[in-house]
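The values are calculated or read from the model by the stated rules, or taken from the named source; none is laboratory data. Everything numeric in this text was worked out from a predicted model, so none of it was measured. No Cβ is skipped: glycine too gets one built from the backbone with ideal geometry, and neighbour counts run over all protein chains shown. All accessible areas refer to the heavy atoms of the entire protein, side chains included, with ligands and DNA or RNA removed. Shrake-Rupley method; radii C 1.70, N 1.55, O 1.52, S 1.80 Å.
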Amino acid sequence: MSKAPLMPVEDALDQLLGMANEQGLAESEVLALDDARGRVLASDLVATLDLPPWPNSAMDGYALNLADLHRQPLKVSQKVYAGLAPDTLLPGTCARIFTGAPLPPGATCVEMQENVEVLEDGRVRFLQPLKAGQNIRGQGQENRVGDILLRAGKRLGPFELAVAAGQGLAQLHVVRRPRVALLSTGDELVEPGQPLRPGSIYNSNRVLLGHWLRELGCEVIDAGILPDRPAQTRLKLEQLQVSADLILTTGGVSAGDADCLGQVLRDSGKPLLWKLAIKPGKPLTVGHFGTVPVIGLPGNPTSALVTFGLLARPYLLRVQGVEDVTPLSFTVNAGFDWHKAGSRREYLRVKLEAGHAVLYPNQSSGVLLGATWADGLVEIPEHSTHNLGDPLRFIPFNELF
């Protein structure tokens, strides 16, 4: 009997995003701006103010009506500071004005102070040609009332929150947090702080993924460590499906005798995909247990990192309504030769040095330390070889996080 072909990465991502589109979180909540970073906007943010709300000066200088220029030197009839309402400009005069201050009614331009001569009697002479609208920020230059400033589904960072603040908003409607049950599997796992048993290792995946999930705006349900027992695995999944929007697991998804999670999903659940044409991360398993989606990441730390970043992360963002879930990437030159044409797409940890991607010496999927050294991942397409200097796609870690 022939083996089923491995699923391409793009096909797996399409299926995950399709599942996310069906699941979509409709519930929203209201949060203060200070609490909304990293969350996703639940409804369009529509401008209720023109910005700027009135014409204002882009410079420290002097505001005048160009029709009075032939009457210079001009008397300074008022000083206008930011935060003050100016008087109407008197004919034949100018106003001392400062950056951000409202333009006096009747003024048609502003000249920067460096191009103005102040005479002994306090009058001013303009030394350069002037034109209407010079150094004036017009009302509504940034936006007008009714403009859609941010679309629903926009993930909120400092820039977006500042735009909301500029409209005077102290709160925003955001999509509620996805509740993600984080479950580690394996008899060999021990939590940090506990003594190691013979043959055991510390559970680093829970820390990595827990922080990553919170960065993505998720509520994490810490489901602990599950031993390699099919009956206990099934019972645990039954318990978690009551409260979770997603069950995210690490380990136990391969085809070994002790890989109980994969067995239970294939026997009792609804598997959607299993075994990808990706390295590291081939055993990734996705399906449903009952009505709750399950994403089973491989147990090796770098395999978990790569598959979470490239597949689980976009799923979680799309569930919250984010449309563009593809991390920004760019082309870099290979700082190495790659003569091993593999059947799976490979993602290698690299550091950028002088415009070239330099490989971490140990690319084993069990080595996590390389992620602290690297700047990101380079993508090696299937069945391809590369020489020093060849262009490769680079995905920065700061995009994934």
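Conditions (1) farther than 18 Å from R151 by Cβ; (2) surrounded by 15 or more Cβ atoms within 10 Å (Cβ to Cβ); (3) at pLDDT below 95, marked per residue:
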{"position": "D44", "(1), (2), (3)": "no, no, no"}
{"position": "T48", "(1), (2), (3)": "no, no, no"}
{"position": "P52", "(1), (2), (3)": "yes, yes, no"}
{"position": "N56", "(1), (2), (3)": "yes, yes, no"}
{"position": "A63", "(1), (2), (3)": "yes, yes, no"}
{"position": "S77", "(1), (2), (3)": "yes, yes, no"}
{"position": "Y81", "(1), (2), (3)": "yes, no, no"}
{"position": "L84", "(1), (2), (3)": "yes, no, yes"}
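Residues to consider are L317, L310; find the one that is open to solvent by 10 Å² or more (accessible area, probe 1.4 Å), in a helix (DSSP H, G or I), in contact (Cβ under 8 Å) with a residue 60 or more places away in the chain and of a type in the set (A, V, I, L, M).
When all the criteria are applied, what remains is L310.
Against the definition (of a type in the set (A, V, I, L, M), outside any strand (DSSP E or B), modelled with pLDDT under 95 and farther than 30 Å from L127 by Cβ), how does L16 come out, yes or no?
no
Given T233, T249, which one is in a strand (DSSP E or B) and either open to solvent by 50 Å² or more (accessible area, probe 1.4 Å) or not aliphatic (A, V, I, L, M) (or both)?
T249
Only one of these conditions is not met by V322: (1) open to solvent by 20 Å² or more (accessible area, probe 1.4 Å); (2) in contact with a strand residue (DSSP E or B) (Cβ under 7 Å, 6 or more places away or on another chain); (3) in a loop (DSSP other than H, G, I, E, B). Which number is it?
Looking at each condition in turn, V322 falls short on (1).
Of everything in region 118-141, what is touching a residue at least 12 places away in the same chain (Cβ under 8 Å) and closer than 15 Å to L69 by Cα? Give them in sequence order.
Selection gives R123, V124, R125, F126, L127, Q128, L130, K131, A132, G133, Q134.
Give me a count of the residues in region 253-291 that are open to solvent by 10 Å² or more (accessible area, probe 1.4 Å) and either modelled with pLDDT under 80 or not in a loop (DSSP other than H, G, I, E, B) (or both).
Going through region 253-291 one residue at a time, the tally reaches 18.
I'd like the residue in region 162-184 that is part of a helix (DSSP H, G or I), open to solvent by 10 Å² or more (accessible area, probe 1.4 Å) and touching a strand residue (DSSP E or B) at 6+ places or on another chain (Cβ under 7 Å) and, out of all such residues, is farthest from G252 (Cα to Cα).
G166
If you scan region 185-195, which residues turn out to be open to solvent by less than 90 Å² (accessible area, probe 1.4 Å) and free of Cβ contacts under 8 Å to residues at least 12 places away in the same chain?
Correct list: G193 only.
Quick test for you: out of R313, R345, pick the one residue that is touching an Asp or Glu at 6+ places or on another chain (Cβ under 6 Å), at pLDDT 95 or above and not acidic (D, E).
Exactly one residue qualifies, and that residue is R345.
Given the residues D187, D245, D228, which is the only one that is at pLDDT below 95 and in contact with a Pro (Cβ under 7 Å, 6 or more places away or on another chain)?
D187
Among what's in region 144-166 and is small (G, A, S) and within 14 Å of the chain's Cα centre (by Cα), pick the residue that is farthest from L51 (Cα to Cα).
G153
Among the numbered criteria (1) exposed (fewer than 15 other Cβ atoms within 10 Å of the Cβ); (2) in contact (Cβ under 8 Å) with a residue 12 or more places away in the chain; (3) farther than 30 Å from L369 by Cβ, which one does F159 miss?
Every listed condition holds for F159 apart from (2).
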